[in-house]
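Okay, structure first, notes after.
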């Protein structure tokens, strides 16, 4: 069941992950990159449960995402299907599942304090935790992308779907950017990766 995960998560995390996945009706599938999510959980009509995770995630991001989705499965099993997807039941379940993994045998020392802080109140996605998201991205394969927070005011950039934006001012946490074609304003997280254009 977990053999296909050996290339995707830290080796010393495998025994604990195997125990978490000891359910006859739970399957984990590894998918090609999806731009809008790292993974998801689905209760299927036939009574089975499915978790999908993007194949392009680094080992640490993959493990966090996998545990995030296992927490959805366990919260569904323990509290029923009418709970909020990222409500208190899921948060408590995710915290309980994650705790044994928060050690230097599994995560690098530089990530541990950021993870400990994040898991005091886990969010729907770790991408909204800018410090943690940036630290995790250091373990990704190198690419030619630029973070939003690095882009000068007024410069143009392109996102994954080809849309082009003009960099605007920072609000409290996110950046206000104008889509060139429509003139509409969109908000971007500081750690969003985009392609800087020459304009």
| remark: re region 3-137: pairs of Cα atoms spaced beyond 25 Å account for a percent value of 20 percent
| PRE reach from residue 46 (point 7 Å along Cα→Cβ): which of region 5-29 fall under 13 Å by backbone N? | 25-27
| How do 4, 118, 59 line up, fewest other C-beta atoms within 10 Å first? | 4, 59, 118
| note | In degrees rounded to 10, the 0-90 angle between helix 88-98 Cα long axis and the longest Cα principal axis of the chain is 80 degrees
| request: Normalising by the residue count of the chain, find the relative contact order in percent from Cα pairs under 8 Å and 6+ residues apart. | output: 14 percent
| query | Taking Cα centroids, how far is region 76-120 from region 156-182 in Å? | reply | 32 Å
| Helix 59-79 versus the longest principal axis of the chain: what is the Cα-based angle in degrees, 0 to 90, to the nearest 10? | 60 degrees
| the chain: calculated mean residue ellipticity at 222 nm from DSSP helix runs of at least 4, using -39500 (n - 2.57) | -8000 deg cm²/dmol
| request: For residue 131 and residue 149, calculate 0.36 nm times their separation in residues minus their Cα-Cα distance, and state this gained length in nm to one decimal. | output: 5.3 nm
| query | Which three extents, in whole angstrom, do the alpha-carbon atoms of region 104-153 cover along their principal axes, largest first? | reply | 36, 23, 15
| remark: Ranked from fewest to most other Cβ atoms within 10 Å of their own Cβ, 42, 63 fall in the order 42, 63
| note | Output ordering of 7-13, 83-89, 43-49 (per-residue mean of other Cβ within 10 Å, highest first) is 7-13, 83-89, 43-49
| query | Rounded to whole Å and sorted largest first, what semi-axes of the equivalent ellipsoid does the C-alpha gyration tensor of region 146-196 yield via the square root of 5 times each eigenvalue? | reply | 14, 12, 9
| field | DSSP beta bridges in region 150-191 [antiparallel fraction, %, rounded to 5] | value | 100 percent
| Between residue 138 and residue 56, what FRET efficiency follows from the Cβ-Cβ distance if R0 is 22 Å, with the result rounded to 0.05? | 0.90
| For 6, 146, what's the fewest-to-most ordering of other Cβ within 10 Å of each Cβ? | 6, 146
| said: What are the extents of the Cα atoms of region 47-199 along their three principal axes, in Å, largest first? | reply: 52, 37, 30
| field | Label point distance in nm, residue 195-residue 34, each placed 7 Å from Cα along Cα→Cβ | value | 2.4 nm
| request: Note down the nm distance, to one decimal, between modelled labels 7 Å out along Cα→Cβ at residue 19 and at residue 99. | output: 1.3 nm
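Throughout, read-outs are computed from the coordinates displayed, never taken from laboratory work. Given the structure is predicted, the values throughout are model-derived calculations rather than measurements. Please note: Cβ atoms are built from the backbone with ideal geometry, for glycine as well, and neighbour counts cover all protein chains shown.
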